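Enquirer: First, the structure itself, so that you have it in front of you.
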């Protein structure tokens, strides 16, 4: 009997965490849609979107604060795009932003789009 209660509590915790994570993902997707982003992908724990005013990178986290956690790289501030394995490094005047990808196809699509918008 105790075993069943313990399994039930664990199942409820897992379901609650899953619901919370899905809610975060939905909030990020809605944020990027509101910014009119194209080519939105999710990989390596973060959403990336090519928006009219720049590249938006929004990491998924348990405590979601989109405005504080997002990184925006304006296209006109990108000086150089460097590719290393499945990562792009965007060199700007202020810093270097690393954009991680899961596969080569998405990386090439983003690299081409960023080069076109420079």
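Where a number appears in this text, it was derived from the coordinates with a stated rule and is not lab data. All values reported here derive from a predicted model rather than from experimental measurement. Note that we place each Cβ from the backbone using ideal geometry, even for glycine, and neighbour counts take in every protein chain shown.
Enquirer: Extension gain residue 43-residue 14, at 0.36 nm per residue separation less the Cα-Cα distance, in nm?
Expert: Gain in length upon complete extension: 8.2 nm.
Enquirer: Between the helical axis of 2-34 and the dominant principal axis of the chain, each derived from Cα atoms, what acute angle in degrees is found, rounded to the nearest 10?
Expert: 30 degrees
Enquirer: Using 0.36 nm times the number of residues separating residue 27 and residue 106, minus their current alpha carbon distance, what extension gain do you get?
Expert: 26.2 nm
Enquirer: With Kirkwood radius over Cα pairs in Å in mind, check (1) 15.9; (2) 16.6; (3) 14.7 and report the label derived from this structure.
Expert: Structure-derived value, by its label: (1).
Enquirer: Quick check: the angle from helix 104-117's long axis to the longest principal axis of the chain, C-alpha only, nearest 10 degrees?
Expert: Here the helix axis deviates by roughly 40 degrees.
Enquirer: Give the peptides 37-43, 74-80 in descending order of average Cβ contacts within 10 Å, highest first.
Expert: 37-43, 74-80
Enquirer: Relative contact order of the chain, please, whole-number percent, based on alpha carbon pairs below 8 angstrom and at least 6 residues apart.
Expert: It rounds to 15 percent for the chain.
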